[in-house]
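S.K.: Could you have a look at this structure, given as structure tokens, before my questions?
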Amino acid sequence: MVDNSLTEARPGFNYYWRLVMTAVSFTLFSVGGLLLSLIWFNLLLLVQRDGLRRRHIARSSIAWSFRCFLRFCRFVGVYDYQIIGAEQLCQDRGCLIVANHPSLIDYVMIASVLPEMDCLVKAELQHNIFFRGVIRAADYLINSEADTLLPDSQQRLARGDTILIFPEGTRTRYGEPLKLQRGAANIAVRAGCDLRVVHISCTERMLDKQSRWYQIPLVKPIFTVRVQSRIASHAFSEAEEDSQPLAARRLTRHLQQALVPEETN
């Protein structure tokens, strides 16, 4: 007698198609980053001398390329995605965007709808041949530059920039609770800015901290980016004499709960 449950669990044509297309999409993403760095961004250096204008064009180019990448992946069936509340993000000025970080494409999805978004990135990505030119051209903040990170963040927030930060510092480990670093809260408290909470979820495990790119689910996953509430950082200073580190601790504890996706909250 055939066990139907085992038969249904076996990978079929769709699974192997998505596996091949996943490899193709990773290749396109890496090659695209390299071409942007070697050709387009170097061309910008020659034709656009104004630094802020050049940064604007670079970031807009990155957002456009991410939209193309995401649409390609959707078209070939690697995954589907939806971004709920993107118009709210586009209207935000001078605030931190804080998001949980379940997958490798979280930044890509958010940046695709925010051409002017800044981002706090890991220092080691500056040594990645495919993406170091992108980071330099976009003038992203580097998390290892402790002496200048806070004043640079304050300056950018004061002029109306939005900065994306993943407070966990790395992708979430599947099945484990969120563990937040205090960096986002420290910046928000010292800059006196608001924080916009973003929840990211996926119907299947894919591209998480413990998975390789080729470990894809049996069914097509659906990523959902859901824009949530805006939090005022000054609300966590109960009195004028409260120290900023104490306010940052309170804010971090609040974010610890706020960043848990609704389905598990």
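The values are calculated or read from the model by the stated rules, or taken from the named source; none is laboratory data. Here the structure is a predicted model, which is why all the values come from computation and not from measurement. Positions of Cβ are generated from backbone atoms using ideal geometry, with glycine treated the same way; all protein chains shown enter the neighbour counts.
S.K.: Looking at residue 171 and the list (1) farther than 24 Å from residue 96 by Cβ; (2) touching a residue at least 60 places away in the same chain (Cβ under 8 Å); (3) of a type in the set (Lys, Arg), which single condition is not satisfied?
M.R.: The number of the failed condition is (1).
S.K.: Let me ask something additional. In the list 230, 156, 249, 212, which residue meets the criterion of being over 30 Å from residue 19 (Cβ atoms), without any contact (Cβ under 8 Å) to a residue 60 or more places away in the chain and basic (Lys, Arg)? Step through it out loud before you land on a result.
M.R.: Working: 230 fails: without any contact (Cβ under 8 Å) to a residue 60 or more places away in the chain; 249 fails: without any contact (Cβ under 8 Å) to a residue 60 or more places away in the chain; 212 fails: over 30 Å from residue 19 (Cβ atoms).
Just a single option satisfies the conditions, and that option is 156.
S.K.: Go through (1) surrounded by fewer than 19 Cβ atoms within 10 Å (Cβ to Cβ); (2) at pLDDT 95 or above; (3) not aliphatic (A, V, I, L, M) one by one and return the number of the condition residue 130 breaks.
M.R.: (2) is the only condition that residue 130 fails.
S.K.: A further question follows. Within region 75-98, restricting attention to residues that are aromatic (Phe, Trp, Tyr) and out of contact with any Asp or Glu (no Cβ under 9 Å at 6 or more places or on another chain), which residue is farthest from residue 221 (Cα to Cα)?
M.R.: The residue in question is 75.
S.K.: Another question, if that's okay. Right, residue 110: of a type in the set (Val, Ile, Thr), under 12 Å from the mean Cα position of the chain (by Cα), closer than 29 Å to residue 42 by Cα and at pLDDT 90 or above or not? Steps first, please.
M.R.: Values: of a type in the set (Val, Ile, Thr): yes; under 12 Å from the mean Cα position of the chain (by Cα): yes; closer than 29 Å to residue 42 by Cα: yes; at pLDDT 90 or above: yes.
Judged against the criteria, residue 110 is a match.
S.K.: Let me ask something additional. Whether any residue in region 74-96 is among the charged types (D, E, K, R), surrounded by fewer than 21 Cβ atoms within 10 Å (Cβ to Cβ) and closer than 25 Å to residue 24 by Cα is what I want to check.
M.R.: Of region 74-96, the ones among the charged types (D, E, K, R) are 74, 80, 87, 92-93.
Narrowing further to those that are surrounded by fewer than 21 Cβ atoms within 10 Å (Cβ to Cβ): 74, 80, 87, 92-93.
Applying the additional criterion that residues be closer than 25 Å to residue 24 by Cα yields 74, 80.
Yes, that holds for at least one residue.
S.K.: Taking residue 196 and the conditions (1) part of a loop (DSSP other than H, G, I, E, B); (2) out of contact with any Pro (no Cβ under 8 Å at 6 or more places or on another chain), which numbered condition does it fall short on, given that it satisfies the others?
M.R.: Exception for residue 196: condition (1).
S.K.: Where residues in region 199-258 are in a loop (DSSP other than H, G, I, E, B), of a type outside the set (Phe, Trp, Tyr) and surrounded by fewer than 13 Cβ atoms within 10 Å (Cβ to Cβ), which of them is modelled with the highest pLDDT?
M.R.: 219
S.K.: Among the residues of region 90-97, is any in contact with a Cys (Cβ under 8 Å, 6 or more places away or on another chain), in a helix (DSSP H, G or I) and closer than 30 Å to residue 189 by Cβ?
M.R.: Looking only at region 90-97, we keep the residues that are in contact with a Cys (Cβ under 8 Å, 6 or more places away or on another chain), and these are 94-96.
Subsequent filtering for residues that are in a helix (DSSP H, G or I) retains none.
Checked against the condition, which is being in contact with a Cys (Cβ under 8 Å, 6 or more places away or on another chain), in a helix (DSSP H, G or I) and closer than 30 Å to residue 189 by Cβ, region 90-97 yields no hits at all.
S.K.: What residue, of 168, 176, is assigned to a loop (DSSP other than H, G, I, E, B) and either among the aliphatic types (A, V, I, L, M) or surrounded by 15 or more Cβ atoms within 10 Å (Cβ to Cβ) (or both)? Reasoning before the result, please.
M.R.: Working: 176 fails: either among the aliphatic types (A, V, I, L, M) or surrounded by 15 or more Cβ atoms within 10 Å (Cβ to Cβ) (or both).
Of 168, 176, the one residue that is assigned to a loop (DSSP other than H, G, I, E, B) and either among the aliphatic types (A, V, I, L, M) or surrounded by 15 or more Cβ atoms within 10 Å (Cβ to Cβ) (or both) is 168.
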